[in-house]
Amino acid sequence: FFAHKCIGCGKCAEVCGCHTFSENVHIIDKANCTMCGKCTEVCPQSALEIFGTEMNADEICAALLKDKDFYTESGGGITLSGGECLLQSETCCEILKTMKQNGINTAVDTCGFVPRAAIDRVMPYTDTFLYDIKAIDEDVHIKCTGQSSKTILDNLVYLDNCGAKSEIRIPYIPNYNDGQIDKIAKFLSGLNHVVRVRVLPYHNYAASKYAALGMDNTLPEKLPLDEDISAAEKILNGI
């Protein structure tokens, strides 16, 4: 719900009892919402939207293959991302296999916090893994994500030992993992099939999504400076 777009016309309330208006305030009963989408169809301002469409592997592949000529001409391909796409590894495997059968380059964007079986399932059909590394130290990783870094680091070493190519992506977040760059560089220096390392400056673009979902914004406030990113890149260039 994008409150700034709402004009209070009440058309949504006419088709769904989850919408009410009190003193010009639009109230949504999300607990009883069935995601029928009727309110989005009548909203003249697109203040209400449903994001995401459920599709099976065959439907996704059909959509992707429409752009096969573009992939061939550009030298590009397809990337499975998320969320964490490997939480649906069987479907990922079907899609990746079909793409490889059609000569299309494939990549999997993952945080690595998945069962080893998921890695094994997609590895034969993945040209490059786009792999997130947020921290090496357990306490820092738990502060950043709420989870241990062990599975993530173990899976990356496993991929490397199997000869799988990886592009490492490091989200740089001041006051969270900014002190981890040296340790990440040291860890990566022991790997043999890393094709690229990228430092991704943290941004707070998702703030509007928290508001639209009616959630508390838990994003860190401090943004990295250009010189912070340059310093991190300099350390990583020394690997």
For His141, solvent-accessible area (1.4 Å; no DNA, RNA or ligand), Å²: 10
Gap separating the Cα centres of the stretch 84-132 and the stretch 4-33, nearest whole Å: 41
Trypsin sites (Lys or Arg not before Pro) within the stretch 155-223: DSSP coil, no more than 16 neighbouring Cβ in 10 Å: Lys165, Lys222
Sequence of Asp137, Asp120 from largest to smallest accessible area, 1.4 Å probe: Asp120, Asp137
Alpha carbon Rg of the stretch 27-148, scaled by the compact-globule rule 2.2 N^0.38 Å: 1.36
Shape call, the chain: gyration tensor on alpha carbons, a/c limit 1.5: oblate
Accessible-area order (highest first, 1.4 angstrom probe) of the listed residues Met215, Met123: Met215, Met123
Largest-first principal axis extents, alpha carbons of the stretch 189-239, Å: 45, 25, 13
Max mean-square fluctuation residue, GNM over the chain, Cα-Cα springs under 10 Å, options Asn161, Asn24, Asn175: Asn24
Those lysines that a straight Cα-Cα span of less than 29 Å connects to Lys165, excepting residues fewer than 8 apart in one chain: Lys66, Lys68, Lys97, Lys100, Lys134, Lys143, Lys150, Lys183, Lys186, Lys234
Computed [θ] at 222 nm, helices only, for the chain once each DSSP H run of length n ≥ 4 contributes -39500 (n - 2.57): -10500 deg cm²/dmol
Radius of gyration, Dmax [the stretch 1-78; alpha carbons; angstrom]: 18.7, 57
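Once the piece of chain linking Lys5 and Ala211 is laid out straight, how much longer is it, given 0.36 nm per residue of separation minus the C-alpha distance between them?
72.9 nm is the gain from fully extending Lys5 to Ala211.
Please identify every one of the GluC sites (Glu not before Pro) in the stretch 177-239 that sits in a loop by DSSP and has no more than 11 other beta carbons within 10 Å of its own beta carbon.
Passing sites in the stretch 177-239 are Glu221.
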Difference of contour (0.36 nm per residue) and Cα-Cα distance, Asn175 to Glu233: 19.1 nm
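The values are calculated or read from the model by the stated rules, or taken from the named source; none is laboratory data. Keep in mind that this is a model prediction, so the values were computed, not measured. Cβ coordinates were reconstructed from backbone atoms using ideal geometry, including for glycine residues, and neighbour counts include every protein chain displayed. The accessibility values were calculated without ligands, DNA or RNA, using every heavy atom of the protein model including side chains. Shrake-Rupley method; radii C 1.70, N 1.55, O 1.52, S 1.80 Å.
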